[in-house]
Each structure stands twice: as C-alpha cells, then as structure tokens.
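The values are calculated or read from the model by the stated rules, or taken from the named source; none is laboratory data. Since the structure is predicted, the reported quantities are computational estimates derived from the model, not experimental observations. Here Cβ is always computed from backbone atoms with ideal geometry, including for glycine, and neighbour counts include all displayed protein chains.
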C-alpha cells in the first residue's frame, strides 16, 4: 500500500499518542513536563480543531508512521503559525516521509 498523507481524524488520537510516546522513549526523553505526559498528546484531533491550525498524518501500509502540523501558538505575530508535533516512527525515517509531512503542513499554513 502506498504512503498516504491526510488530515488527522478522531480515530488517530490513540495510535498517534502511542507513536509519540515511543519516540520519546527511544530518545530517552520520556520525562514529566514534556509532551510525553501532556494530556493534549491523547487528544491531538481536538487540539487541531483550533482555527488556523492543521495536522497531517502519514500512513503506510495502513499504519500511522508519522505526523506533523502547524498551530498559531500564543505569542506569535498575527498570521503566523509554528510547525509542531512533528514525529516519525524509526521505520519511517530516511524515506522522505518527514519532508512530505512538513511540506503539507507548510502549505496548509500558507
């Protein structure tokens, strides 16, 4: 099955949270006070319902292998957004998937 980049859906919350936490464990940064324990990690679909935000999921062979989004973070100038929540599974790295996710997010921000 080919790679699919698509907007986040409610059913993606659990697999994305699992992916994000696995990346944090992989890099040994699974500490309190990080995204690892942040409750929004379990509800990314709801977080990205905020106006001016967008989040995209990379799906390969029916499995979520990454995600990336843009969010108008408080304190940024009007009309600006921050690239956020950019994570890839170890298996997805080095294939250009991250670049595709980032480009999709940047295009959405424009």
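Some points to look at:
- Any chance residue 98 is crowded, with 20+ Cβ neighbours inside 10 Å, within 19 Å of residue 21 (Cβ to Cβ) and modelled with pLDDT of 95 or more: no
- Members of region 38-51 found to be in contact with a helix residue (DSSP H, G or I) (Cβ under 9 Å, 6 or more places away or on another chain) and modelled with pLDDT under 95, listed by number: 40
- Residue in region 24-33 that is exposed (fewer than 13 other Cβ atoms within 10 Å of the Cβ), within 14 Å of residue 87 (Cα to Cα) and in contact (Cβ under 8 Å) with a residue 60 or more places away in the chain present: yes
- Yes/no for residue 15 being farther than 20 Å from residue 73 by Cβ, in contact (Cβ under 8 Å) with a residue 40 or more places away in the chain and out of contact with any helix residue (DSSP H, G or I) (no Cβ under 8 Å at 6 or more places or on another chain): yes
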